[in-house]
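Worksheet: one structure, shown below.
The values are calculated or read from the model by the stated rules, or taken from the named source; none is laboratory data. If you're wondering where the values come from, they're calculated on a predicted model, not measured in any experiment. Virtual Cβ from ideal backbone geometry, glycine too; neighbours counted across all protein chains shown. Protein only, heavy atoms only, side chains kept; ligands, DNA and RNA dropped before computing areas. Shrake-Rupley method; radii C 1.70, N 1.55, O 1.52, S 1.80 Å.
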Amino acid sequence: MRRRMRCQLAGLLSLHTAPFRASGVPDPDTPALLRLSDSLLAHYKKSTRPVRDWRTTTTVAIDVMVYAILSVDEKNQVLTTYIWYRQHWTDEFLQWDPACFDNITQISLPAESIWVPDILINEFVDVGKSPDVPYVYVRHHGEVQNLKPIQVVTACSLDIYNFPFDVQNCSLTFTSWLHNIRDINLSLWRTPELVKFDRSIFMNQGEWELLYVLSHFQEFSVKSSDSYAEMKFYVVIRRRPLFYTVSLLLPSIFLMVMDIVGFYLPPNSGERVSFKITLLLGYSVFLIIVSDTLPATAVGTPLIGIYFVVCMALLVISLTETILIVRLIHNQDLQPHVPSWVKHLLLERAAVLLSLCLQRFFSLTSLDPAAKLNHYGCEDPREREVAGGTRPAPAFGSLAEGSPLMPSILHEISTIRQFLEKRDEFRDVAREWLQVGYVLDVLLFRAYLLAVLAYTITLGALWSLWQYA
């Protein structure tokens, strides 16, 4: 009986708002969907929260599904995402008996004709290009479902220190801008576990990979005022590093390997200096090319930027070491003898420590000085022993001792002897400095190689930990 009375009342109400014939009589053939819409919206007041008792709290259940990561602006600290946003609440003024309206259990109504909660995202910094969805679904027991896609442009604290192996955590905070928690409360549409690992609609072919979406509910108040409800969704994304590894890291690694290989060029040749200068110039051009690829912020520098700077510094140190070795090897005529402490440290201690074989250098310096004189046609004591202790007569022995040519000949011979001895001395100095340069070159090369290996292992370990954390 009560259901029949309600249906009759709903029918009378729908007749008052239903279309009329030309004669002014209500059309009895009005569709049930139209009668239901007119019945619900005839006396509806969208300016009032839809509760019969003002003490009743309207609970809005919300849900977020990430569809795509459109852009990540590291410089401006802005994240642009495309999400599917869903919310539902109970409207006590939008309820009906399906039996009175041809068993209709749900209907779509214009969103601008009913009350909609003022749920906003706190991190909004710009209005995205979101499509307009003008309708909402209403079920017979008063549940209103508002489903719409949103392009969200939000502020996010982006940490680029680990670039290109960085993981970003950006939050989307949904809250009522005006109503406190006694008027509007928030809850999750689905369980947190389903929200966390839901990647069913995510476009997974871009630069960023969606790891998970965390959800958290909390109450907050401003200066001891009324409490407000907010629902936070933490969107955790990770950059795919393959492109940056191929375009940034591998070329830099190849140039550093070529710099290490350049140490195997002979230190006494000038090709090593020109080779390392060419590498340094090539690395400078490489940094200019990739400078636009690196993210830039006003608060920090990515580790890969520090890596490039250190690599440049290592190339400069390598070039400086090469110039030092070349300076030691060449222009020995202007250098004194190698100091004894340098011989002791480099030619004895360092050579043994580095397990160097300096026989090819020492064989050049182990000749008897008297034999060197014989090499230049001067007197050799061993020839005297072979001749039985008799000194061979010089070719000019037949000249008279009082000849005027004798002093000039003796002077020329003495000058030649002094010149040869001086040249031998210069050659000995040059040979000593060549040995010092060779040992110092190997010593600095191994120290340089050790520094590069330690630096590479440290960066590789850090990036591996960040990538698989």
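Quick grid of which residues meet (1) in contact with a Pro (Cβ under 8 Å, 6 or more places away or on another chain); (2) touching a residue at least 12 places away in the same chain (Cβ under 8 Å); (3) aliphatic (A, V, I, L, M); (4) under 24 Å from residue 235 (Cβ atoms):
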| site | (1), (2), (3), (4) |
| --- | --- |
| 62 | no, yes, yes, yes |
| 70 | no, yes, yes, yes |
| 75 | yes, yes, no, yes |
| 98 | no, yes, no, no |
| 123 | no, yes, no, yes |
Scanning the stretch 100-118 for residues that are without any contact (Cβ under 8 Å) to a residue 60 or more places away in the chain and in a strand (DSSP E or B), the one farthest from residue 145 (Cα to Cα) turns out to be 110
Hey, residue 243 open to solvent by 60 Å² or more (accessible area, probe 1.4 Å), touching a Lys or Arg at 6+ places or on another chain (Cβ under 8 Å) and closer than 30 Å to residue 172 by Cα or not: no
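Matching residues to (1) in a helix (DSSP H, G or I); (2) closer than 30 Å to residue 166 by Cα; (3) open to solvent by 50 Å² or more (accessible area, probe 1.4 Å):
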| residue | (1), (2), (3) |
| --- | --- |
| 44 | no, no, no |
| 50 | no, no, no |
| 69 | no, yes, no |
| 75 | no, yes, yes |
Going through (1) touching a strand residue (DSSP E or B) at 6+ places or on another chain (Cβ under 6 Å); (2) in contact (Cβ under 8 Å) with a residue 40 or more places away in the chain one by one, residue 141 fails only at (1)
Reported set for the stretch 125-162 where residues are part of a strand (DSSP E or B) and among the β-branched types (Val, Ile, Thr) is 125, 127, 136, 138, 144, 150, 152, 153, 154
Somewhere in the stretch 454-469, is a residue part of a loop (DSSP other than H, G, I, E, B), within 50 Å of the chain's Cα centre (by Cα) and modelled with pLDDT of 65 or more? yes
All-but-one check, residue 210 against (1) surrounded by fewer than 16 Cβ atoms within 10 Å (Cβ to Cβ); (2) under 20 Å from the mean Cα position of the chain (by Cα), failing number (1)
Would you call residue 159 open to solvent by 40 Å² or more (accessible area, probe 1.4 Å), over 22 Å from residue 207 (Cα atoms), touching a residue at least 40 places away in the same chain (Cβ under 8 Å) and under 31 Å from the mean Cα position of the chain (by Cα)?
no
Checking 226, 183 in turn, the sole residue that is acidic (Asp, Glu) and either at pLDDT 95 or above or touching a strand residue (DSSP E or B) at 6+ places or on another chain (Cβ under 7 Å) (or both) turns out to be 183
| Could we say that residue 287 is assigned to a loop (DSSP other than H, G, I, E, B), surrounded by 15 or more Cβ atoms within 10 Å (Cβ to Cβ) and of a type in the set (A, V, I, L, M, F, W, C) here? | no
Counting only residues in the stretch 163-207 that are in a strand (DSSP E or B), more than 30 Å from residue 55 (Cβ to Cβ) and among the hydrophobic types (A, V, I, L, M, F, W, C), the one most open to solvent (accessible area, probe 1.4 Å) is identified as 167
Residue hits (the stretch 291-319; over 22 Å from residue 450 (Cβ atoms) and surrounded by fewer than 17 Cβ atoms within 10 Å (Cβ to Cβ)) are 291, 292, 293, 296, 297, 298, 299, 300, 301
Looking across the stretch 246-284 at residues that are surrounded by fewer than 16 Cβ atoms within 10 Å (Cβ to Cβ) and among the hydroxyl-bearing types (Ser, Thr, Tyr), the single one that is farthest from residue 166 (Cα to Cα) is 269
In the stretch 82-115, anything among the hydrophobic types (A, V, I, L, M, F, W, C) and either at positive phi or open to solvent by less than 40 Å² (accessible area, probe 1.4 Å) (or both) is listed as 83, 89, 94, 96, 100, 101, 104, 107, 109, 111, 114, 115
Condition set of a type in the set (Gly, Ala, Ser) and over 31 Å from the mean Cα position of the chain (by Cα), scope the stretch 214-240, selection least open to solvent (accessible area, probe 1.4 Å): answer is 229
